Amino acid sequence: MNTIGHLINGQLVTTSQRMQDVYNPATGEVSKQVALAPKETVEDAIAAAQAAFPAWRDTPPLKRARVMFRFKELLEQNSDKICQMIGEEHGKICHDAAGELQRGIENVEYACGAPELLKGEFSKNVGPNIDSWSEFQPLGVVAGITPFNFPAMVPMWMFPLAIVCGNTFILKPSERDPSSTLYIAQLLQEAGLPEGVLNVVNGDKEAVDVLLTDDRIKAVSFVGSTPIAEYIYATASANGKRCQALGGAKNHAIVMPDADMDNAVNQLLGAAFGSSGERCMALSVAVAVGEEAADALVAKMQTAMKNLTVGEYSDKTNDFGPVITRDHQQKVVGYINSAEADGAKVVVDGREPNISGYENGFFVGATLIDGVTAEMQSYKEEIFGPVLQVVRVNTMEEAMQLINDHEYGNGTCIFTRDGEAARYFSNHIQVGMVGINVPLPVPVAYHSFGGWKRSLFGDLHAYGPDGVRFYTKRKTITQRWPSSGVREGVSFAFPS
Ligand code: NAD
């Protein structure tokens with residue numbers, strides 16, 4: 001059986017003490033094993049990154065960026081292979097994997113602008129013959145810990161930018177679908193990155209805890225579920241590290257009575273069920289304003305959902321694939337059961353999808369639940385599966401209150417034809433990423449990504465301009481060159 005190891009100082013290494021099975025979620029079979037790094041292996045990676053830092057820090061940003069240009073080409077040349085690796089272990093259909101990869105590549109393209117991004121700020125004559133400037137210096141060795149649901153994209157939210165800023169990096173990918181991430185790191189090596197600048201350690205809590213406590217790690221970026229994000233933020237901060245920890249979500253779409261209902265239904269289908277709902281920006285709650293809009297929405301969704309097909313990643317006719325594990329499949333079904341037990345109506349039931357030829361796969365069919373209320377467990381918690389819940393309210397204010405009261409604040413969207421309502425919504429809603437007739441308002445690579453409330457712990461969002469700030473520290477220098485013969489006297493007061 002294939003064993004997936006680690007990339008340390010440019011070399012692939014394996015450790016044999018602890019292993020974890022990696023599944024093909026469409027068949028339910030174990031396809032590979034991943035080595036779980038012990039403390040010593042993570043320390044080897046940190047030592048390699050620490051040793052590589054001085055030379056990389058002093059490499060001109062333009063030369064660092066050139067490595068990223070070559071990396072982008074290699075990602076494009078090998079895109080089919082990467083998408084296949086994602087499909088085999090994550091289960092997402094190939095054209096969705098291609099979209100994920102493209103979003104990752106866009107972050108590499110942004111990182112190619114390193115010389116511009118690191119230009120700094122300069123002020124001449126801040127005082128008589130005195131100049132001052134701010135420059136942005138790398139932090140040192142930084143770490144990234146990433147989730148299973150975007151094994152290519154989310155790591156590329158982090159390491160390309162951190163590396164062009166002059167840092168060296170330790171990546172700890174998800175142990176559930178690690179192959180594509182490791183392969184992408186090898187491509188960066190092939191693009192000419194010096195050994196030790198990017199290291200990958202596969203593993204679990206044992207590896208993560210080393211990254212959170214070792215003094216040589218200066219900053220930690222995390223993306224994953226909220227309980228772990230909170231733990232990462234608290235532990236990294238207590239150990240004196242800069243930390244940004246992005247967590248879970250419950251993204252609501254408000255469907256106004258004046259919305260183009262056919263368009264809203266089309267958008268909701270993709271945003272709720274795409275990637276089996278395993279996206280942190282998935283729309284999992286539709287809040288319909290008024291009974292008439294709610295009835296129309298539910299009826300049209302019910303009809304449209306008859307045409308959805310669920311299945312294996314390589315079949316281009318499928319709309320989405322399995323969820324990640326058997327445990328997760330049962331968890332999603334458990335939420336549907338609990339909504340029903342709490343009095344909601346399961347309008348389209350995906351609990352027994354019956355995929356011919358893939359009976360042992362971790363599939364859940366698209367599910368629509370009507371009559372959900374804020375008190376229900378299925379409403380309060382993140383389901384992370386192909387389940388869309390409909391909440392009925394009477395006014396837009398009521399809909400906004402629901403969203404503002406929810407513990408998560410990652411993404412949201414409003415479907416309407418009323419510009420005034422949309423403007424009011426985007427101005428007042430307590431959510432970090434907002435769409436107006438755009439169901440998945442994921443910021444492009446030259447903005448930054450992040451939620452509010454318990455969807456993000458930390459001050460700076462991921463990638464884009466906030467990413468540059470996160471991976472650098474500002475140094476401000478003030479200089480004067482006294483001309484010979486002109487010396488100032490002693491002064492004990494601030495100049496006025
Ligand atoms: P997860 O929290 O289980 O795992 C994320 C990472 O943390 C993995 O690398 C894992 O190995 C590690 N980890 C898990 N348990 C740990 C522990 N006890 N101590 C230390 N490290 C631990 O998340 P997941 O299931 O892989 O991903 C799905 C979650 O990620 C969802 O909640 C989703 O909303 C969230 N997510 C958020 C964003 C965002 O940008 N906000 C993006 C993608 C995914």
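Nothing in this text is a laboratory measurement; each read-out follows from the coordinates by a stated rule. Computed from a predicted model, the values in this text were never measured in an experiment. Cβ coordinates were reconstructed from backbone atoms using ideal geometry, including for glycine residues, and neighbour counts include every protein chain displayed.
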Step through the residues of the range 390-403 one at a time and calculate ³J(HN,Hα) from phi using the Karplus curve (6.51 cos²θ - 1.76 cosθ + 1.60, θ = phi - 60°), rounding each to whole Hz and writing x for Gly and Pro. 10, 10, 9, 10, 9, 9, 5, 4, 5, 4, 5, 4, 4, 5
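Specify whether the C-alpha gyration tensor of the range 1-99 places it in the rounded, prolate or oblate class, a ≥ b ≥ c being the square roots of the eigenvalues: rounded for a/c under 1.5, otherwise prolate if a/b is larger than b/c and oblate if not.
On the way: a/c = 3.56, a/b = 1.25, b/c = 2.86.
In terms of gyration-tensor shape, oblate.
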Long-range amide H partners of L283, meaning residues 5 or more apart or on another chain whose placed amide H is closer than 5 Å, are A272
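For the chain, give me the percentage of DSSP beta bridges that are antiparallel, rounded to the nearest 5 percent.
Numbers: 31 of 74 bridges.
The antiparallel fraction comes to roughly 40 percent.
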Taking a ≥ b ≥ c as the square roots of the eigenvalues of the Cα gyration tensor, with a/c under 1.5 meaning rounded and otherwise prolate when a/b exceeds b/c and oblate if not, the range 235-377 is oblate
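Which percentage, to the nearest 5, of the DSSP beta bridges contained in the range 251-436 is antiparallel? Each step should come with its number before you reach the end.
Working: 3 of 25 bridges.
Antiparallel bridges: around 10 percent, rounded to the nearest 5.
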Tell me which aspartates and glutamates have Cα within less than 16 Å of K453's Cα, excluding those fewer than 8 residues away on the same chain? E230, E381, E382, D405, E407
Relative to the longest principal Cα axis of the chain, at what angle does helix 179-190 sit, 0 to 90 degrees, rounded to 10? 30 degrees
Placing one identical point scatterer on every Cα of the chain and ignoring solvent, what is log10 I(q)/I(0) from the Debye formula at q = 0.10, 0.13 Å⁻¹? -0.78, -1.21
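Which entries in the list K205/K241; K92/K316; K39/K241; K306/K331; K63/K218 go over 21 Å, if you measure between the two C-alpha atoms of each?
Values: K205/K241 18 Å; K92/K316 11 Å; K39/K241 19 Å; K306/K331 24 Å; K63/K218 24 Å.
Check vs 21 Å cut-off fails for K306/K331; K63/K218.
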For the range 76-94 and the range 245-310, distance of Cα centres in Å: 27 Å
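Could you order the peptides 448-456, 423-431, 22-30, 173-181 from most to least packed, using the average number of other C-beta atoms within 10 Å per residue? Spell out each step's value before the answer.
Details: 448-456: 21.6, 423-431: 15.7, 22-30: 19.9, 173-181: 25.0.
Averaged packing, sorted descending, gives the order 173-181, 448-456, 22-30, 423-431.
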Cα gyration tensor category, rounded, prolate or oblate, for the range 285-355 with a/c compared to 1.5: oblate
For the range 251-436, with the dipole built from +1 on Lys and Arg beta-carbon atoms and -1 on Asp and Glu ones, taken about the Cα centre, which of S275, S356, A374 lies farthest toward the positive end? S356
In degrees, nearest 10, the alpha-carbon axis of helix 39-57 is tilted away from the dominant principal axis of the alpha carbons of the chain by 50 degrees
